[in-house]
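Asks: My questions all concern the structure below.
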Amino acid sequence: MRESLFRAAQQGEWHTTEERVGQRQSPRRTREVWEGSWQRLEPLQPSGPPPDGAVVAWLYPRRTAAIIDRANCADRFLRADPQYRVVTEHFLDGDESPLSNREEKLLLFCPFDAAMDRLTCTEQGQLAVHGRRIDVVASEMTVGYLARAGHTPHPARPQEGTLAPRLDGFRTRFVNGTGITLLKAAQLALGAREHEALSRLGVAVPDFALAWTREEIREAVLPWLADRQGVVLRPFAASRGAGVTFLGPNDVLPRAQAIDRAVDELEHSVLRAYGQTAPYPVTVSPFVESMKLDGRVCDLRMFVTADPETSGLRALPGMVRTASQPFSIRGEFDAAMCSSSFSGTADHQARAGLQSLPLTAPHVQAALRLTGEDLVRLGQAASLLWAAAVADARQRSDGPVPFAYGSVDFLLTDDGRAWPIEMNGANVGAHSCVHPLFVDAFPIAMCAALKDCGF
């Protein structure tokens, strides 16, 4: 069964991040962040045994390096319970479906798009594949794919309180089932609520608006452009930079026309990435100009994993990513020079210049003017944000909300502040960017989260 995982992992992209990033991380600095970032998270009550014929869905974005990370986590799960049969898309395409034996435990390991064509969802929120009940899904980002595929409705305009989409209407459970990774506005709202605690750690949160139509995007964008600020548009339930669009204050086009062009670009990008053009609601926020490395904007990633032994969350330093083009060298204010995401630009020639650097390496810390204490504070901020998100979701949910791992991406500005711009959940990859001594934290945390669901 583990060979099926290995074959699936071979279908993805690969980056030499372990050699170029993970092995160059400082083990001492990594441990300092790991030990100094602990944040209490109340353990869940033990669940009963899984039902007979349990199905665990482990879905991943096709042709990405993230397949390897998921395969590593799934491999540890199978080692603990080898009775699960691995079902890949190749089995699903066969004449004899392995789903027919309803007493056999299954681990569905396949790309999101392959699963969506075969999924159904009842009014009660029970997912099924070819009529076979799915009990737990190892990533909450699946809900975004379900909404785009028409299996579940898009989120409605929020009432008073949290902006995070509710996931407690599902009978199928989702690891990291907070809903917060689906909507950048919910993440920024959480940061604003935790302003006092974050400010003590040197962290600030940008303003934002939530737009449900093109007209609402225009209304939100115009004041920032008039104030000579750039603007970022980010769609619902997207990852790896898909749909992230930038508007500059010096565009040669009239502003209304420039905004329409940007929204067209956003919609087309979402269509290319996911096969459906369903970007709303869109999070609108001012562009925060980061410090530069070699003239390029950059961000850094702090991973956050559950630590089952201590009933808490801990952070792990990841990579620093730079944009593919130096900032302001082009006449346009575009993704190639404003985004550090691996897929933030369709300019393949520019992508050859993308860099991923080890955050804890001495020369990278020096370039970013970060001390060891600064790294610990960033780890504390990342753990704090995820602990608050999970605690909120548990208060609103009628079932368990397990947490495995996630991350927070920060921008650093020249005034010394850090800005959390994105929270990624169990959909996040690039685990090999952490020091190799700590990579096992991800599969350990995922297996513990599934155990919290009764698996």
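The values are calculated or read from the model by the stated rules, or taken from the named source; none is laboratory data. All figures in this text were calculated on a predicted structure; none of them were measured in a lab. Here Cβ is always computed from backbone atoms with ideal geometry, including for glycine, and neighbour counts include all displayed protein chains. Accessible surface is based on the protein model in full, side chains and every heavy atom, while ligands, DNA and RNA are left aside. Shrake-Rupley method; radii C 1.70, N 1.55, O 1.52, S 1.80 Å.
Asks: Students often check this: by mean Cβ neighbours within 10 Å, which of 12-18, 262-268 ranks highest, and how do the rest follow?
Replies: The most tightly packed comes first, giving 262-268, 12-18.
Asks: Could you pull out the trypsin sites (Lys or Arg not before Pro) across the stretch 219-309 that fall in loop regions by DSSP (anything but H, G, I, E, B) with no more than 12 other Cβ atoms inside 10 Å?
Replies: When the trypsin sites (Lys or Arg not before Pro) of the stretch 219-309 are filtered for loop state and at most 12 Cβ neighbours within 10 Å, R228 remain.
Asks: Restricting to DSSP loop positions (anything but H, G, I, E, B) with no more than 15 other Cβ atoms inside 10 Å of their own Cβ, which GluC sites (Glu not before Pro) remain in the stretch 64-166?
Replies: For GluC sites (Glu not before Pro) across the stretch 64-166 that sit outside H, G, I, E and B with at most 15 neighbouring Cβ atoms in 10 Å, the list reads E96, E103, E123, E160.
Asks: Then there's this: With the cut-off at 1.5 for a/c, could you classify the stretch 163-215 from its C-alpha gyration tensor as rounded, prolate or oblate?
Replies: Taking the square roots of the gyration eigenvalues as a ≥ b ≥ c, the stretch 163-215 is oblate.
Asks: Modelled label-to-label distance, R272 and R76, 7 Å Cα→beta-carbon offset: nm?
Replies: Here the answer is 3.6 nm between the modelled labels.
Asks: Follow-up. Leaving out ligands, DNA and RNA, and with a 1.4 Å probe, what % of the accessible surface on the stretch 364-455 is carbon or sulfur?
Replies: 53 percent
Asks: For a quick check of your reading of the filter: which GluC sites (Glu not before Pro) in the stretch 282-340 sit in a DSSP loop and have no more than 14 other Cβ atoms within 10 Å?
Replies: Here the GluC sites (Glu not before Pro) that fit, given the DSSP loop and packing criteria, are E309, E332.
Asks: What is the spin-label model distance, in nm, from E216 to R7 if the labels are put 7 Å beyond Cα along the C-beta direction?
Replies: Going from the E216 label point to the R7 one covers 4.6 nm.
Asks: Right, here's the next one. Does the chain classify as rounded, prolate or oblate by the C-alpha gyration tensor (a ≥ b ≥ c root eigenvalues; a/c under 1.5 gives rounded; else a/b over b/c gives prolate, otherwise oblate)?
Replies: Verdict is prolate for the chain.
Asks: For the ranges 184-195, 374-385, what's the packing order if you count other beta-carbon atoms within 10 Å of each residue, average per peptide, and put the highest first?
Replies: 374-385, 184-195
Asks: Let me ask something additional. Specify whether the C-alpha gyration tensor of the stretch 384-455 places it in the rounded, prolate or oblate class, a ≥ b ≥ c being the square roots of the eigenvalues: rounded for a/c under 1.5, otherwise prolate if a/b is larger than b/c and oblate if not.
Replies: oblate
Asks: Next question, about the same structure. How much accessible area per residue does the chain have, in Å², with a 1.4 Å probe?
Replies: 42 Å²
Asks: Do the sum for the chain: with -39,500 (n - 2.57) for every DSSP H run of n ≥ 4, divided by all residues, what is the mean residue ellipticity at 222 nm, to the nearest 500 deg cm²/dmol?
Replies: Computed mean residue ellipticity for the chain: -9500 deg cm²/dmol.
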